[in-house]
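To start, the structure itself, in structure tokens.
The values are calculated or read from the model by the stated rules, or taken from the named source; none is laboratory data. Source: prediction; values computed, not measured. Glycine also receives a Cβ, built like all others from the backbone with ideal geometry; neighbour counts cover every protein chain displayed.
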Amino acid sequence: MRQLLLISALITWHPSGHTPSDRGPAPAQGVVPATTRRAITADTVIDGVPCARTTRARAEFHANGRLLECPLSRDASFGPQQLPRGSWVLLHADGSINGAWLSRDTPLSGISCKGDGYKQWSVRFYPTAELRLCFLRVTTVIEGVPCRAGTFWGEIRGGQNTAVHLHRNGRLARCQVAHDTTVGGVRYAAWEVVTRDSTGRATADRVRR
């Protein structure tokens, strides 16, 4: 039985950090997705983004022709965020930043976000580039909460809840507790999910694993 549960978890787990929903709803059966992929043969700037030459993985474009994703040929700024060379950036159809697969661990909005390359641990942004979601390399205390690091086994054991979520104003919105702790007079057990509103107040929504 345990083997069946593990196989099921392996099939449904997304190493890129819950990204399917961030790409929008899946196309209806028989409908061709309205994006295209093509190779970039030399470093070039596309829609203001310095894209690197691609190899096996190709750049992707929205139906309106705007860039959807490509690897960065150099470090690049997106609003307040500085993303390192080699990261794959994801853009909305209007050109605003959506997310990235970081080429290395990178500080974003004061948090060190995990980066292991293409299609691995993702980061997500609000359209105005404030950090919305990322995974941690190590357990990190954020606003008094010991937030769990993002790992393969942690995602399976924790029900895909190890991502750190932030509100647009930068306050902690949600994370999974790494170990038993008391925060603001409230006792949390390891693997529980702490949720807070944009003022930092704990909400009644508690998820136990």
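Take THR199 and tell me if it is in a loop (DSSP other than H, G, I, E, B), within 28 Å of PRO127 (Cβ to Cβ) and modelled with pLDDT under 95. In short, yes. Considering segment 104-130, the residues that are under 15 Å from ARG174 (Cα atoms) and either part of a loop (DSSP other than H, G, I, E, B) or of a type in the set (A, V, I, L, M) (or both) include one that is farthest from the chain's Cα centre (by Cα), namely ILE111. Screening the candidates GLY99, GLY110, GLY115, GLY86 for the property of being out of contact with any Asp or Glu (no Cβ under 7 Å at 6 or more places or on another chain) and either buried (at least 16 other Cβ atoms within 10 Å of the Cβ) or not small (Gly, Ala, Ser) (or both) yields one hit, GLY86.
Here LEU133 fulfils each of the conditions (1) without any contact (Cβ under 8 Å) to a residue 60 or more places away in the chain; (2) among the aliphatic types (A, V, I, L, M); (3) outside any loop (DSSP other than H, G, I, E, B) apart from (1). Of the numbered criteria (1) crowded, with 16+ Cβ neighbours inside 10 Å; (2) outside any helix (DSSP H, G or I); (3) in the same structural domain as VAL186 (by TED's automatic domain parsing), the one VAL141 fails is (1). Across segment 31-60, the qualifying residues are those that are within 11 Å of GLY95 (Cα to Cα) and touching a strand residue (DSSP E or B) at 6+ places or on another chain (Cβ under 7 Å), and the one among them that is surrounded by the most Cβ atoms within 10 Å (Cβ to Cβ) is VAL49.
Checked against (1) loosely packed, with under 15 Cβ neighbours inside 10 Å; (2) at pLDDT 95 or above; (3) touching a strand residue (DSSP E or B) at 6+ places or on another chain (Cβ under 8 Å), ARG104 meets all criteria but (3). crowded, with 19+ Cβ neighbours inside 10 Å and among the acidic types (Asp, Glu) - does that describe any residue in segment 148-158? Yes, that holds for at least one residue. In summary, ILE7 fulfils each of the numbered conditions (1) surrounded by 14 or more Cβ atoms within 10 Å (Cβ to Cβ); (2) among the β-branched types (Val, Ile, Thr); (3) at pLDDT below 95 with the single exception of condition (1). When both residues are 6+ apart or on different chains and their Cβ atoms are under 6 Å apart, which pairs have a first residue that lies in segment 177-199 and is in the same structural domain as ALA163 (by TED's automatic domain parsing) and among the polar types (S, T, N, Q), and a second that is surrounded by fewer than 16 Cβ atoms within 10 Å (Cβ to Cβ) and at pLDDT 90 or above? From segment 177-199, the pairs are SER198/ASN169; SER198/ARG171.
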